[in-house]
1. Which count do you get for residues in segment A:19-76 that are within 12 Å of another protein chain (Cβ to nearest Cβ) and assigned to a helix (DSSP H, G or I)?
2. How about segment A:408-419: which of its residues are surrounded by 24 or more Cβ atoms within 10 Å (Cβ to Cβ) and either more than 10 Å from chain B (Cβ to nearest Cβ) or not in a loop (DSSP other than H, G, I, E, B) (or both)?
3. Test residue A:526 against the criterion of being in contact (Cβ under 8 Å) with a residue 60 or more places away in the chain, surrounded by fewer than 24 Cβ atoms within 10 Å (Cβ to Cβ) and within 14 Å of another protein chain (Cβ to nearest Cβ), and give yes or no.
4. Return yes or no: is residue A:462 more than 23 Å from residue A:443 (Cβ to Cβ), more than 39 Å from the chain's Cα centre (by Cα) and modelled with pLDDT of 95 or more?
5. Going by what's in this entry, would residue B:404 be described as facing another protein chain (nearest Cβ under 7 Å), modelled with pLDDT of 95 or more and in contact with a strand residue (DSSP E or B) (Cβ under 9 Å, 6 or more places away or on another chain)?
6. Tally time: how many residues in segment B:99-123 are out of contact with any strand residue (DSSP E or B) (no Cβ under 7 Å at 6 or more places or on another chain) and touching a residue at least 40 places away in the same chain (Cβ under 8 Å)?
7. Quick check on my filter: what residues within segment B:262-276 are assigned to a loop (DSSP other than H, G, I, E, B) and touching a helix residue (DSSP H, G or I) at 6+ places or on another chain (Cβ under 6 Å)?
8. If you check every pair at least six apart or on different chains, which have Cβ atoms under 6 Å apart with a residue in segment B:356-369 that is more than 8 Å from chain A (Cβ to nearest Cβ) first and a residue that is part of a strand (DSSP E or B) second?
């Protein structure tokens, strides 16, 4: 049996090595368009930054090592340019020749390629780069070494854009980010992304949002924005998204679907018999709402590659879909998410509720505990968890990994308090932020607490709600005041309760939401109509700094 | 309504504060035998070490702060000495008087107390300490300051014993550990605990196992072991376990059960109406095998405290039981576990299989990735996960927290490869050790791989199995050789396969188990009868260092 694999990175190489372990006698040929296989995609920005020092570390495997260990016939710089599904042949082009290969089974793992919008002047520009491969990173590094650029513009503030913005700052460049969406890090919701925007700002990165580049002038030295503003750029990184690499699939009339991705059945077979596809190029089911989506992440690609190898080898597997879990470090802050965000929930018409909890990465009384801000999106009737997002300096990966596991397992918010985590002071708390998020969501579902979101405060205040801030005076002085707020510290609330007019609805806030919830309960049981400002001052002052009185 | 709570730490105080949030008008009185409430139990060893510098950090709340914020009547140094369940009265003794309090609801959260075995000379000793409370830690600190002890003996190598061993080393003492069980850290299995034993040894701590202290001589200055050996000790820490603090419960004829713990129904009510109990003193269901157990951990105690408050307030909650998740840092190593270990599985008669996988805390190509050794115990038929253990320098808490979530959710080993975790090079890998553990277990269940455990190797070798080590020569020189092993590096295996006699069963090993599995598959498909040495050289050389040839 001859198995051909097009694409030698995550999905393709996982398939190849698993196939070999299950089929010692199969002939396995991997065609890779680029010069390298099995390289560390996700490490590329860190190599630009110099955090990964040796280029060789990016090259996890070589054709020679794969030949020696797995008896794989790996052919780099070999592009599959056509597939004939009837004759089961693939036409291959390398720098010397074109030739055809017949196959018994064909696996497509072509990945995705950077979107390059047809912006005026883009072709004439000499300083615009994308980042997807080792040659890309070589080109950027060489350019930096030779041209000593001082100013960089990063167009697109997704995961790669932000990692590269940081890397370019580490290399000494002045960086400006341009993002078409209303906020950086569009996969996260606005108020969570605001923490990352603040971190970028604090580290000297300028940010333009709700603006795209409309032209490049002077061979790319000037980036013209939609509003006419011009940015100088010695080096421009374009990271406005990716699209599936379906060129060769289309030569075999393979069906494509959502956003041009390759359609596969739950055994990864395409519309053409014996042709399978995995990785960034395929359409997958979002497990949470069962809708079509595309997820360009290494983890699902690796899983799919292994599963398709199992399927071809006769083992019982099927593609259950993905939920999408991702993380990005931006200087000293980390942001991560799993499942659906608010925009996705709105567009798929789901009823959802939101809570934010702020906790510590480990016991507060042990040194160096970081703040963990955790957002949970859930169904207010069933408690089903739709998604989670977190930002902070430490322990963000752990909380989102736990919640990704909970979502995959179909746990509800009612289950989160029951989870038993490792606890010793350097590692966690007796009540982990994940437990706390469960308690907070349960309070909402059971009506023990009611909340409003940050974007509702201004309107509620105009409507005659009293804003009660229960922080201490020292905190008001140190961190600033909420607009038009009555201040009564929580520990004085019982004795000063008569200062709050009983005929007006009250919104309570504190720093992180813990004390305001206690105040909410106290006031509610004294006959007040009260809601809690979810996320409290810490969140509000990050997303609405202009409303804070210092 | 008057609610009395006996015990003002984790469970008791969680109950009190939640009760207040739900019942502004209830009278809530907390009786605490010791001088402090709501203190940071788990932080005590770190205060001895000096890692937590300020004593005040251990005191999370005070009676005054709890009065101001929660209107709680907190009475420290007030011991409940008797309960009359018929008249609903508790007799309280403080340093001035005895008095009685009537209650509508009574919550017992008395905790556990250190076991003090009746060893000869223990009462005469002046240098023997236990660690459970702030006064305990004060006593130890004062003793160290005043007596400048040089040699310490820690009796009992459980979590607290090991944390204190490290803390005493940090304070400059020479530490010897004495443990009655066959290995340190008895909650973990032998080969996992061996990594911690090695770390202790590397840091200069001497260890005696399978030995108890049989006497103390010279006012405790000499610890006599069962075998007659004598250890000098300037300071002895006794940490041989805890027992439930049931003195006051027994005055009300409250039913006790497993290991003397208080028996409660699934609403935490004891055998006496309107008397509830939570925390370390109660018998709980181990959720995995539904057997009675006792779990002295802060996390379940906090949850139970909150739940009993909900139940008393009319909310629908019940005690689902616990699985037990714990972690300990011992110098530069971390060990954690969740669910059942091998001893527990054997004693409850479960069929189980074992795999060990060794992975990295984050992408190997990004700096400072630590090794994560993960052990999974599962049912070979159903794939049900019984327990997990991990050791390493970094990322141990995350993996055990994920697996604790998986166990709570009833996930099987088939589900582990499906889990989607955050991946960027500083945080994880495209295939996390948890995913890899799932793949490895699935290989065992599906017969793709067969393994033997470290304790089976010697016997198999005597039985005529060939031991094939597929590491490279440089590794053999650097790390040592397995006994009587044939060495063929994996990448030469196909060409040198004829060197392996085909009529004998083969056991393969490499460093961590990845290459040996590839070799196993290669040989199997060439007609050999092969098993994999689970955990490979890395594990074997840690638990059986005396068999390694250097």
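The values are calculated or read from the model by the stated rules, or taken from the named source; none is laboratory data. For clarity, every value in this text was computed on a predicted model and none was experimentally measured. No Cβ is skipped: glycine too gets one built from the backbone with ideal geometry, and neighbour counts run over all protein chains shown.
1. Residues flagged as within 12 Å of another protein chain (Cβ to nearest Cβ) and assigned to a helix (DSSP H, G or I) within segment A:19-76 amount to 23.
2. A:408, A:413, A:416 - these are the residues of segment A:408-419 that are surrounded by 24 or more Cβ atoms within 10 Å (Cβ to Cβ) and either more than 10 Å from chain B (Cβ to nearest Cβ) or not in a loop (DSSP other than H, G, I, E, B) (or both).
3. Values: in contact (Cβ under 8 Å) with a residue 60 or more places away in the chain: no; surrounded by fewer than 24 Cβ atoms within 10 Å (Cβ to Cβ): yes; within 14 Å of another protein chain (Cβ to nearest Cβ): yes.
No, not satisfied.
4. Working: more than 23 Å from residue A:443 (Cβ to Cβ): yes; more than 39 Å from the chain's Cα centre (by Cα): no; modelled with pLDDT of 95 or more: yes.
Considered against the rule, which asks whether it is more than 23 Å from residue A:443 (Cβ to Cβ), more than 39 Å from the chain's Cα centre (by Cα) and modelled with pLDDT of 95 or more, residue A:462 comes out as no.
5. Details: facing another protein chain (nearest Cβ under 7 Å): yes; modelled with pLDDT of 95 or more: yes; in contact with a strand residue (DSSP E or B) (Cβ under 9 Å, 6 or more places away or on another chain): yes.
Spelling it out, residue B:404 is indeed facing another protein chain (nearest Cβ under 7 Å), modelled with pLDDT of 95 or more and in contact with a strand residue (DSSP E or B) (Cβ under 9 Å, 6 or more places away or on another chain).
6. Let us first name the residues in segment B:99-123 that are out of contact with any strand residue (DSSP E or B) (no Cβ under 7 Å at 6 or more places or on another chain), namely B:111, B:117-118, B:123.
With touching a residue at least 40 places away in the same chain (Cβ under 8 Å) added as a condition, the list becomes B:111, B:117.
Counting residues in segment B:99-123 that are out of contact with any strand residue (DSSP E or B) (no Cβ under 7 Å at 6 or more places or on another chain) and touching a residue at least 40 places away in the same chain (Cβ under 8 Å) gives 2.
7. Initial filter on segment B:262-276 (assigned to a loop (DSSP other than H, G, I, E, B)): B:263-268, B:270-274.
Across segment B:262-276, the qualifying residues are B:267, B:268.
8. Going by the 6 Å Cβ cut-off, the qualifying pairs are B:356/B:375; B:357/B:374; B:358/B:373; B:359/B:372; B:361/B:372; B:369/B:360.
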